[in-house]
1. What is the residue count in segment 116-146 for residues that are crowded, with 18+ Cβ neighbours inside 10 Å, farther than 19 Å from Leu163 by Cβ and small (Gly, Ala, Ser)?
2. Kindly check whether there is at least one residue in segment 33-51 that is loosely packed, with under 13 Cβ neighbours inside 10 Å, assigned to a strand (DSSP E or B), at pLDDT 90 or above and at negative phi.
3. Name the residue that is farthest from Gly102 (Cα to Cα), counting only residues in segment 147-173 that are without any contact (Cβ under 8 Å) to a residue 60 or more places away in the chain and either buried (at least 23 other Cβ atoms within 10 Å of the Cβ) or out of contact with any Pro (no Cβ under 7 Å at 6 or more places or on another chain) (or both).
4. Going by what's in this entry, would Gly135 be described as in a loop (DSSP other than H, G, I, E, B), among the small types (Gly, Ala, Ser), closer than 18 Å to Ala67 by Cα and in contact (Cβ under 8 Å) with a residue 40 or more places away in the chain?
5. Is there any pair with a first residue in segment 94-113 that is within 13 Å of Phe131 (Cβ to Cβ) and a second that is surrounded by fewer than 18 Cβ atoms within 10 Å (Cβ to Cβ) and among the basic types (Lys, Arg) whose Cβ atoms are under 8 Å apart and which are 6 or more apart or on different chains, and what are they?
6. I'd like to verify a number: residues in segment 97-122 that are modelled with pLDDT under 90 and touching a Gly at 6+ places or on another chain (Cβ under 7 Å), how many?
7. Quickly run through segment 58-89 and pick out the residues that are open to solvent by 50 Å² or more (accessible area, probe 1.4 Å) and either within 14 Å of the chain's Cα centre (by Cα) or of a type in the set (Gly, Ala, Ser) (or both).
Amino acid sequence: MATRTRLAAAVSLAAAVSLLTAGCTADTHHQTPGPRTAAGSPGSDGTPGRADVDVYGAELSITDAVAHLDRSGNGTLAMTVRNDDGAPEHLGMVATPDGGRGVLVGGKSREGNGSLSTAGILLENGTKVTFGGTGPRVLLHHVRGITSRHTLPVSLQFGVAGLVRLQARVTSS
């Protein structure tokens, strides 16, 4: 009897996981979007500090991306993200060269736009969120990889839009 109960539980669990993951991975375009770069994104002019994503239903605009760094590479990444996806979006990860990672810090509110959850920083549809100041923040530690043009390659992982790459301008703080 115990074996039959375990088997039924395993089958039920497998069915539940299958249904949940099917909803999470459905792609109405039957294509998997790859990384987007500022220069390669539709509507973008390759300007440092900016990236536009308008691919596979994801519509984001990232402007004024600036890494404020001290001599040891510590500081913050400031930027404004506009979400016109038609759905809530989350910024889940920020990466810099040589395996660097930004630390996401939610805004003042514990809920709503700019708040931090296990999915990342919430970006509600039809809104823009400014990172830095009193809003959510991205803390950077011991960043390397600043280019001769005083830009920092940054990868941003979004829940809907996927991986977006851009060149953030660098200022000394």
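The values are calculated or read from the model by the stated rules, or taken from the named source; none is laboratory data. This is a predicted model, so every value here is computed, not measured. Here Cβ is always computed from backbone atoms with ideal geometry, including for glycine, and neighbour counts include all displayed protein chains. Remember, those area values only see protein heavy atoms, side chains included, never the ligands or the DNA or RNA. Shrake-Rupley method; radii C 1.70, N 1.55, O 1.52, S 1.80 Å.
1. Residues that pass the stated criteria total 1.
2. no
3. Ser148
4. no
5. Listed by first residue and then by second, the contacts come to Val94/Arg101.
6. 1
7. Glu59, Ser72, Arg82, Gly86, Pro88
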